[in-house]
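Inspection log for the structure reproduced underneath, given as structure tokens.
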Amino acid sequence: MLPGLVFTESLPPLSDPAAAPGACAIAVATHSAETELPTAVAVELHGITKRFPGVVANHDIDITVQRGHVHAIVGENGAGKSTLMKTLYGMHKPDEGTITVNGKPVSFSSPADAIAVGIGMVHQHFMLADNLTVLENIVLGAEPTRGGVLDGRAARRKIREISDSYGLGIDPDVLVEELGVGDRQRVEICKVLFRGARILILDEPTAVLVPQEVDELFGNLRELKSEGLTVLFISHKLDEVLSVADEITVIRRGTTVQTVDPKSVTARQLAQLMVGSELPIPELRESTVTETAELVVENLTVRSTGGRAVVDDVSLVIHQGEIVGLAGVEGNGQAELVEAIMGMLPIESGRITLGGTDIGGWHTRERRENGVGYIPEDRQRHGLLLEAPLWENRILGHQTERPNVRGFWIDRGAAKKDTRRIVDEFDVRTPGITVPAASLSGGNQQKLIVGREMSGTPKVLIASHPTRGVDVGAQAAIWEHLRNARAAGLAVLLISADLDELIGMSDTLKVILRGRLVSEVDPRNVTSEELGAAMTGAGPVSSGEAS
């Protein structure tokens with residue numbers, strides 16, 4: 001059993017017949033493995049309806065989650081999954097319906113109420129303070145104290161125990177602003193476990209993990225499950241859902257469609273329940289690669305503030321009509337490489353040319369104006385103004401380009417018209433273009449960004465996780481847009497944690513490890529397991545050292 005996760009204060013003994021069901025659920029980790037608790041309901045949602053202005057996010061939702069089970073919730077973007085989980089976590093109050101936790105009706109006014117009964121949530125978009133350390137973020141609001149002051153030694157010891165037990169690889173003393181997306185997610189998971197949650201809500205927990213890390217996470221979930229913990233698991237990766245879940249509930253258009261046994265359905269059948277179509281497959285058709293080099297990176301080196309080479313002598317060429325995939329575990333330099341190409345980070349040495357012109361001295365705006373599109377890895381931090389309406393987000397990063405401007409002035413009418421085109425063409429589910437970006441689901445936010453960055457016929461597209469957090473239907477649509485743009489001559493640098501996407505959508509596939517390009521593999525022959533091994537340095541799959 002994981003050290004430090006047992007709450008024993010003010011709990012009646014398990015042998016006490018008057019013990020409340022909720023207390024029994026919280027104390028289950030202390031219960032002897034030899035005395036197994038009977039299966040019971042951990043969470044029951046009945047008739048849950050949640051309305052927002054102009055949209056009904058959830059309508060008459062019914063879900064029953066058994067204690068000690070992994071219960072997956074799947075559905076397309078905008079189906080209402082995240083809204084439902086935020087309601088369970090106390091971030092929203094339902095307009096109709098009831099919530100029961102461990103046999104007791106509950107009414108949450110805030111997440112603190114949910115945490116108090118043993119519910120923890122790891123959000124798809126992280127709830128971390130960049131200017132605090134990992135330790136400070138984890139203990140915030142749950143600080144262990146001695147003599148009225150923070151007991152940093154106890155907190156650090158407990159965090160390291162959790163990190164070691166679950167293979168999270170967390171350094172308690174690093175600033176969160178220095179972490180990549182994958183590390184931030186692991187901090188969030190540690191934060192929930194630190195608070196002793198017995199019901200875990202995981203929103204897209206594997207989005208940034210390689211296959212080996214996914215296997216480790218699932219092994220940990222099974223261990224938690226064996227100790228009586230309950231997991232609600234939201235994911236768009238249907239094969240993963242089928243491998244880890246005990247039950248799967250499908251939500252479509254805000255209401256429950258069906259709860260199924262994963263042993264009785266296939267991924268394609270689940271996709272059909274979700275979106276009415278078969279599971280898409282990422283694949284390129286005939287080659288469209290030309291001899292014309294559009295983006296060339298030569299011997300590029302970028303150093304961190306501490307002096308470490310986070311991008312170490314990297315060279316690559318992307319031709320017109322070519323998608324170059326870059327595979328790597330989060331934190332191995334791909335984010336810094338992208339930011340250097342975009343002019344967001346200074347380079348120590350090396351050269352970047354666009355269409356034969358050295359752009360090393362250009363500002364980010366100049367690179368954008370000369371045809372470099374950019375889909376950032378974190379849409380909420382770098383891709384959107386969450387409180388601004390959709391049509392203003394359409395302009396973001398393209399303030400000097402048509403159709404957004406006329407002369408020196410923003411052309412609101414043209415920008416709004418083009419936003420409507422993007423909404424229609426990329427199937428952005430929204431009640432209108434004047435609603436704030438924060439009101440959209442994560443997947444619909446992503447579709448808006450992809451539509452914006454593929455507008456105006458860019459020459460180069462830097463695409464960091466372009467399908468992260470989108471459903472299978474939206475994935476297929478984004479892949480098709482990329483294929484069509486590639487056929488028209490677009491040069492694409494594709495970074496993704498989805499190895500099937502990298503393999504299927506890349507003409508050329510390179511592996512980055514500790515800031516260096518260590519190999520180039522043939523996407524037509526490599527498997528996701530082999531690619532994952534190369535990414536972690538566990539196995540060579542090189543078809544020749546990367547140039």
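The values are calculated or read from the model by the stated rules, or taken from the named source; none is laboratory data. Source: prediction; values computed, not measured. Cβ placement follows ideal geometry from the backbone for every residue including glycine, while neighbour counts extend to all protein chains displayed.
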Hits in segment 420-444 (condition: touching a residue at least 40 places away in the same chain (Cβ under 8 Å) and of a type outside the set (Gly, Ala, Ser)): Phe426, Asp427, Arg429, Thr430, Pro431, Ile433, Thr434, Val435, Pro436, Leu440, Asn444
Residues within segment 418-437 that are more than 24 Å from Ala476 (Cα to Cα) and exposed (fewer than 14 other Cβ atoms within 10 Å of the Cβ), tallied: 1
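Conditions tested, residue by residue: (1) within 25 Å of Glu204 (Cα to Cα); (2) β-branched (Val, Ile, Thr); (3) in contact with a Ser or Thr (Cβ under 7 Å, 6 or more places away or on another chain); (4) part of a loop (DSSP other than H, G, I, E, B).
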{"residue": "Leu386", "(1), (2), (3), (4)": "yes, no, no, yes"}
{"residue": "Glu401", "(1), (2), (3), (4)": "no, no, no, yes"}
{"residue": "Arg421", "(1), (2), (3), (4)": "no, no, no, no"}
{"residue": "Thr434", "(1), (2), (3), (4)": "no, yes, no, yes"}
{"residue": "Ala463", "(1), (2), (3), (4)": "yes, no, no, no"}
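Quick grid of which residues meet (1) hydroxyl-bearing (Ser, Thr, Tyr); (2) part of a helix (DSSP H, G or I):
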{"residue": "Ala114", "(1), (2)": "no, yes"}
{"residue": "Met121", "(1), (2)": "no, no"}
{"residue": "Asn131", "(1), (2)": "no, no"}
{"residue": "Arg160", "(1), (2)": "no, yes"}
{"residue": "Ser165", "(1), (2)": "yes, yes"}
Among the candidates Leu300, Leu202, Leu224, residue that is modelled with pLDDT under 85, within 30 Å of Ala538 (Cα to Cα) and not assigned by TED's automatic domain parsing to the domain that holds Pro144: Leu224
Residue within segment 145-153 that is surrounded by 21 or more Cβ atoms within 10 Å (Cβ to Cβ), more than 29 Å from Gly80 (Cα to Cα) and touching a residue at least 12 places away in the same chain (Cβ under 8 Å) present: no
Scope segment 403-419; condition outside any helix (DSSP H, G or I) and on the phi < 0 side of the Ramachandran plot; matching residues: Pro403, Asn404, Val405, Arg406, Phe408, Trp409, Ile410, Asp411
Failed item in (1) modelled with pLDDT of 90 or more; (2) touching a Lys or Arg at 6+ places or on another chain (Cβ under 6 Å), with Thr259 passing the rest: (2)
Residue in segment 44-52 that is modelled with pLDDT of 50 or more, under 27 Å from Glu223 (Cα atoms) and not assigned by TED's automatic domain parsing to the domain that holds Gln475 present: yes
Single residue of Gly321, Gly307, Gly360, Gly350 found to be in a loop (DSSP other than H, G, I, E, B), on the phi > 0 side of the Ramachandran plot and without any contact (Cβ under 8 Å) to a residue 60 or more places away in the chain: Gly307
Single match in Ile352, Ile347, Ile323, Ile318 (criterion: β-branched (Val, Ile, Thr), closer than 14 Å to Ser304 by Cβ and in the same structural domain as Arg285 (by TED's automatic domain parsing)): Ile347
Among residues of segment 156-199, those that are modelled with pLDDT of 80 or more and closer than 16 Å to Val139 by Cα, counted: 28
